[in-house]
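Enquirer: A single structure is presented below for examination.
The values are calculated or read from the model by the stated rules, or taken from the named source; none is laboratory data. Bear in mind that the values here come from a model prediction, so they are computed numbers and not experimental data. Ideal geometry is used to build each Cβ from the backbone, glycine not excepted, and the neighbour counts take in all protein chains shown.
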Amino acid sequence: MNKILLFGGSFNPVHHGHLIVSRHVAEQLGLARVVLMPSANPPHKPPHGLAPPADRLEMCRLAVAGDASFEVSEWEIQRSGPNYTFETVRHYREAAGGDVELYWLIGMDSLHELGTWYRARDLVETCTIVTAARPGFSEPDAAGLAEHFSAAAVERLLRHVVAGPWIDIAGTDIRARAEAGRSIRYLVPDAVREHIERCGLYRG
């Protein structure tokens, strides 16, 4: 069965942490490829400081150009209104067919909040949620997750926490450096850095 890792987010901007961690998770789980899915209107993030959707989509494409293990989806970017993970996964499930096993990658901070997501119980039944360990965030206890999910779902969620490289790069820091005119080299792929500089993104 073809196994695909879907990785959604604002990607504001996409950086080396996103790419290294998602590749590591895909390799650990034996998944065929990673699909980056930039969101037009992330429901859990304020719009302030958010680069235009077209720029964030282009930066994702630039970041993975020439790498066959990655692809970029524009489906969420093209939609109006807030982007809910359940709706995205349901769309991808219908488009991909029954011979594809879908995984959705989140960070440890998001696992703590997962119970508050739109149709969270349906989401964990529609795909396999995979959590990447993240610096500064401990794994939630089973009792906390059980307030929102069945015992079987909690077991799956905790079983799919993947330890790996802790890449402590944050989009907030990258944007702050760009706004201050400081170098963001080595934090993002060179093609992404060049796009940010050429388009004057994050300069206030």
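Enquirer: Is it the case that TRP75 is aromatic (Phe, Trp, Tyr), under 22 Å from ARG134 (Cβ atoms), surrounded by 15 or more Cβ atoms within 10 Å (Cβ to Cβ) and touching a Ser or Thr at 6+ places or on another chain (Cβ under 9 Å)?
Expert: For TRP75, the condition - aromatic (Phe, Trp, Tyr), under 22 Å from ARG134 (Cβ atoms), surrounded by 15 or more Cβ atoms within 10 Å (Cβ to Cβ) and touching a Ser or Thr at 6+ places or on another chain (Cβ under 9 Å) - is not met.
Enquirer: Among the residues of segment 77-84, are any out of contact with any His (no Cβ under 6 Å at 6 or more places or on another chain) and either in a helix (DSSP H, G or I) or modelled with pLDDT of 95 or more (or both)?
Expert: For segment 77-84, residues out of contact with any His (no Cβ under 6 Å at 6 or more places or on another chain) and either in a helix (DSSP H, G or I) or modelled with pLDDT of 95 or more (or both): present.
Enquirer: Separate question: Quick one: what pairs do we get from segment 77-106, first residue free of Cβ contacts under 8 Å to residues at least 40 places away in the same chain, second surrounded by 14 or more Cβ atoms within 10 Å (Cβ to Cβ) and part of a loop (DSSP other than H, G, I, E, B), C-beta under 6 Å, 6+ apart or different chains?
Expert: These pairs meet every condition: ILE77/ALA40.
Enquirer: Taking segment 65-79 only, how many residues are within 15 Å of ARG23 (Cα to Cα) and under 14 Å from the mean Cα position of the chain (by Cα)?
Expert: Matching residues across segment 65-79 total 3.
Enquirer: So, one more: How do the pairs read when you match residues in segment 177-190 that are under 14 Å from VAL14 (Cβ atoms) and free of Cβ contacts under 8 Å to residues at least 40 places away in the same chain with residues anywhere that are assigned to a helix (DSSP H, G or I) and not small (Gly, Ala, Ser), using Cβ under 8 Å and keeping only pairs 6 or more apart or on different chains?
Expert: Matching pairs, first to second residue: ALA178/ILE196; ILE184/ILE174; ILE184/ARG177; ILE184/ARG193; ILE184/ILE196.
Enquirer: I would also like to ask the following. Please state which one of VAL130, VAL124, VAL100, VAL25 is of a type outside the set (D, E, K, R), in contact with a His (Cβ under 6 Å, 6 or more places away or on another chain) and over 15 Å from PHE11 (Cβ atoms).
Expert: VAL130
Enquirer: Going by what's in this entry, would TYR103 be described as over 30 Å from TYR202 (Cβ atoms), touching a Ser or Thr at 6+ places or on another chain (Cβ under 9 Å) and among the hydroxyl-bearing types (Ser, Thr, Tyr)?
Expert: It is true that TYR103 is over 30 Å from TYR202 (Cβ atoms), touching a Ser or Thr at 6+ places or on another chain (Cβ under 9 Å) and among the hydroxyl-bearing types (Ser, Thr, Tyr).
Enquirer: Residue check, GLY49 against (1) surrounded by fewer than 17 Cβ atoms within 10 Å (Cβ to Cβ); (2) in contact (Cβ under 8 Å) with a residue 60 or more places away in the chain; (3) under 26 Å from TRP166 (Cβ atoms); (4) out of contact with any helix residue (DSSP H, G or I) (no Cβ under 9 Å at 6 or more places or on another chain), all met but one. Which one?
Expert: Result: GLY49 passes all but (4).
Enquirer: Right, another one. Given the residues SER22, SER39, which is the only one that is at pLDDT 95 or above and polar (S, T, N, Q)?
Expert: The unique qualifying residue is SER22.
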